[in-house]
1. Here are some residues: 1, 41, 24, 29. Which one is assigned to a loop (DSSP other than H, G, I, E, B), at pLDDT 80 or above and either under 30 Å from residue 99 (Cβ atoms) or out of contact with any helix residue (DSSP H, G or I) (no Cβ under 7 Å at 6 or more places or on another chain) (or both)?
2. Looking at the range 10-37 only, could you name the residues that are among the acidic types (Asp, Glu) and at positive phi?
3. Give all pairs with beta carbons closer than 9 Å in which a residue from the range 122-133 that is in contact (Cβ under 8 Å) with a residue 24 or more places away in the chain meets a residue that is of a type in the set (Phe, Trp, Tyr) and assigned to a strand (DSSP E or B); count only pairs at least 6 apart in sequence or on separate chains.
4. Please go through (1) more than 29 Å from residue 24 (Cα to Cα); (2) modelled with pLDDT of 80 or more for residue 96 and return the number of the only condition it doesn't satisfy.
5. Taking the conditions exactly as written (within 22 Å of residue 143 (Cβ to Cβ), at pLDDT 75 or above and among the polar types (S, T, N, Q)), does residue 103 satisfy them or not?
6. Report yes if residue 144 is touching a Lys or Arg at 6+ places or on another chain (Cβ under 6 Å), at pLDDT below 80 and either buried (at least 19 other Cβ atoms within 10 Å of the Cβ) or closer than 29 Å to residue 20 by Cα (or both), otherwise no.
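The values are calculated or read from the model by the stated rules, or taken from the named source; none is laboratory data. Not measured: the values here are computed from a predicted model. Cβ atoms come from the backbone with ideal geometry, glycine included; neighbour counts cover every protein chain shown.
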Amino acid sequence: MLPLKQITEVLKIQFHQIVPIPQMPAWVMGVYNWRGEILWMLDLGHLMGLDSWYQHQLNRSNHTAIVLSPAGKNQAGTDTGIHLGLVVAGAEDLETCDRSTIQSALDSQVTTKLDDFLQGYWLRPGGEIILVLDAAAISAAMPNNL
């Protein structure tokens, strides 16, 4: 789960539209032309130590990417800061969550690498655990030489 104010758009893109950039970490897939701007595309699963996007693909020509704006939006609704494209297996749904119900303590089953990118977790009314990602931590993982 990501805060809605940090999501600019959910895209369907074709893999060949991502231009690989040499000498980047394996989780940096490359760049994509988004609205005439360069959008760095990240394999979110690989970055967090989970399955890579391609391990979830079922011969799809289009892939899901979440355009993340970690700095959020200003009062006028204009995006601020760097935008990143997070390539994921899919985007599910919008959920309403009261911030006060997000738990910060994480279960020991969560990997250390994943823990670096989490704000905590939220329990759905049915008891399902939803991990709450930290957009600023994802942005901070980007190489400094960009």
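1. Numbers: 1 fails: at pLDDT 80 or above; 41 fails: assigned to a loop (DSSP other than H, G, I, E, B); 29 fails: assigned to a loop (DSSP other than H, G, I, E, B).
24 is the lone residue from the list that is assigned to a loop (DSSP other than H, G, I, E, B), at pLDDT 80 or above and either under 30 Å from residue 99 (Cβ atoms) or out of contact with any helix residue (DSSP H, G or I) (no Cβ under 7 Å at 6 or more places or on another chain) (or both).
2. Step one: of the range 10-37, the residues among the acidic types (Asp, Glu) are 37.
None; the set is empty.
3. Between residues of the range 122-133 that are in contact (Cβ under 8 Å) with a residue 24 or more places away in the chain and residues that are of a type in the set (Phe, Trp, Tyr) and assigned to a strand (DSSP E or B), the close pairs are 130/121; 130/122; 131/121; 131/122; 132/121; 132/122.
4. (2)
5. Numbers: within 22 Å of residue 143 (Cβ to Cβ): no; at pLDDT 75 or above: yes; among the polar types (S, T, N, Q): yes.
In short, no.
6. Details: touching a Lys or Arg at 6+ places or on another chain (Cβ under 6 Å): no; at pLDDT below 80: yes; either buried (at least 19 other Cβ atoms within 10 Å of the Cβ) or closer than 29 Å to residue 20 by Cα (or both): yes.
It is false that residue 144 is touching a Lys or Arg at 6+ places or on another chain (Cβ under 6 Å), at pLDDT below 80 and either buried (at least 19 other Cβ atoms within 10 Å of the Cβ) or closer than 29 Å to residue 20 by Cα (or both).
For every residue, the table says whether it meets (1) surrounded by 10 or more Cβ atoms within 10 Å (Cβ to Cβ); (2) modelled with pLDDT of 80 or more; (3) among the basic types (Lys, Arg).
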residue: 36; (1), (2), (3): no, yes, no
residue: 50; (1), (2), (3): yes, no, no
residue: 57; (1), (2), (3): yes, no, no
residue: 75; (1), (2), (3): no, no, no
residue: 114; (1), (2), (3): yes, no, no
